[in-house]
Every structure is written in structure tokens, then in C-alpha cells.
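Asks: What follows is a structure written as C-alpha cells; I'll ask about it next.
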Amino acid sequence: MLILNDSQPRGLGYYEIDNRLTNAEMPVGQRHFEADTYTCSHCNAVVVLNPNRVRERYKCNGCNHHICDDCKAKRLMGNPCKTMKQAIEESMESAARHAEFPSIILP
Amino acid sequence: MARYIASWSAVTAAALVDTSAAVNAAYPGSLRSGGATLQYRVNEVYIGGEDTASTPCQMILARASTISVGALSVGNIAVADFTVTAPGTVPGWGNTAATSGAQRSSTLYLLQLSLNTFGGIARWQARYGEELTAYGNTATGAEMLLSSKVGAGKTSGHIIFEIV
């Protein structure tokens, strides 16, 4: 059972692998797997919550959202908080700006 | 904005190596934004196995490190709300690229949906606000590719996404 506390993300996605109708031999207890998920706000990777994990999940204090272990490592190495949403907005704004004022291509 | 369902039927996947071009008709499909300011958000992926013998299959939804070239075809795309006004540009979807297929990034895996395609199913639903986003018309943001990394399973399924 997964007990939610402050170290756990809330309001989760849902992940299911259902092999109950699969007519093949499988290790016991592996026919049906259900887990909660969250999406890393930095890289958009979907993180499947391992109910047996005891290490705390890292919550970025920049965006106040849980992020994946890879992004946590980058964050702890000093990288700034940059969410996928921000990256998209910047890119779309830049695309729109360039469409309005196309850059001059010099020969 | 408008929600769409991209689907595929009875596609037998071939194992695809990271950063190599997807072979036409050998993967469920890729979803390419296709507009500099077009953004879409994926909020559900469903894969249903249809093989007649045990076939473990490692299906991966990942960003494309090199996007597909040419029109995408084979695969359906339908708007969820019949009454909605469709946006001017809709992402391309399909498992057949007119020129070259997308290449799966070796690092930007978004979802790993392993299943035995002998009747197994795999499903993921995003929490509201935590959808997977793609945007623009350049790598690595513009295209997501659902493909098999290991195993040649036959599947049908759908991806639900919203154009923002």
C-alpha cells in the first residue's frame, strides 16, 4: 500500500499492464500491474511510483513539483529550475516573433 | 481546445534501435506536431495485444531525436468532440512516412509500456495538468514515436491528445 505524505506527489496518473488474459507462463504475481504515476515537470518523463521505494522523492523548490531522479541530479549539480512549460512557451514565443519579424539573411 | 484520438490497427511492430529511422508499417505510429507554434498534449496511451502466441514486447513512447520527413499516413485520427471547431493545423499521425521515419531518442523516453501481446494490455492515463507535451516543428520537441524496442508484437491501440 502506498501511503501519501509530503514527500509523495499528489493527484496522480494511472499506469496499468494487464496480462491476465495472456495465455503464457509468467512469474507468479506479474500478470497484473497497476501503479500511480506523475510527470516530471522539467523533462516530461512519466515516473511510475514504486511502492517499495524508501528514498524520498525530490520536490523542486523552484517549480514546487516532483521531478524525476535524472532532473533531481541535474538540479543538485546547480542547474536552474526550468519546466517544460517554460521551455515550450519560450520556443513558441520565439517562433511567433520570428514569423512576425523574420530575420534578415545576409548574402 | 480540440481533443483527438489517434489510433492504429493490427500493426506488427519490429524491434527498433534507438536513433535509427523507423521502418514504415513496423511501428504503431508517430505523432508529429508539424507547425512552428503548434502544441499538443498526450493524456492517454492504450495498447492492446493481438498476437496468437506469447510475445513479450517492450513498447516505448519517446521523443524523436530526428523527426520524420514527408506526410505521415496509415492510422486514423479523429476529433473527440464532434461539435468542436477543428484547429487549422492538426498533427500528423501514422506509421508510414513519405520520405523517412522518425528516430527514437536514446534518452528522451517518456513511457515504457511493456506487455505480452498475447492478449495483454498496457494503458497509461495522465493526471490532469501533467500531460506529455510536444510542440514546434523541430527535434526533439515536435514528435513522439511509439515503437517497440524489443519484441515483434501485433497490437492495436490509441493515443488521446489535445491540441493547445
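Asks: Suppose we filter the stretch B:81-99 for residues that are under 17 Å from the mean Cα position of the chain (by Cα) and among the small types (Gly, Ala, Ser); how many remain?
Replies: Number of matching residues: 4.
Asks: Taking the conditions exactly as written (part of a strand (DSSP E or B), more than 9 Å from chain A (Cβ to nearest Cβ), among the basic types (Lys, Arg) and in contact (Cβ under 8 Å) with a residue 12 or more places away in the chain), does B:Arg123 satisfy them or not?
Replies: For B:Arg123, the condition - part of a strand (DSSP E or B), more than 9 Å from chain A (Cβ to nearest Cβ), among the basic types (Lys, Arg) and in contact (Cβ under 8 Å) with a residue 12 or more places away in the chain - is not met.
Asks: Please count how many residues of the stretch B:111-148 are of a type outside the set (A, V, I, L, M), under 20 Å from B:Thr52 (Cα atoms) and over 12 Å from the mean Cα position of the chain (by Cα).
Replies: 6
Asks: Does the stretch B:56-71 contain any residue that is in contact with a Phe, Trp or Tyr (Cβ under 8 Å, 6 or more places away or on another chain) and either more than 9 Å from chain A (Cβ to nearest Cβ) or free of Cβ contacts under 8 Å to residues at least 60 places away in the same chain (or both)?
Replies: Taking every residue of the stretch B:56-71 in turn, at least one turns out to be in contact with a Phe, Trp or Tyr (Cβ under 8 Å, 6 or more places away or on another chain) and either more than 9 Å from chain A (Cβ to nearest Cβ) or free of Cβ contacts under 8 Å to residues at least 60 places away in the same chain (or both).
Read-outs throughout are calculated quantities, based only on the coordinates presented, and are distinct from any laboratory measurement. Note that this is a predicted model, so its numbers are computed, not measured. No Cβ is skipped: glycine too gets one built from the backbone with ideal geometry, and neighbour counts run over all protein chains shown.
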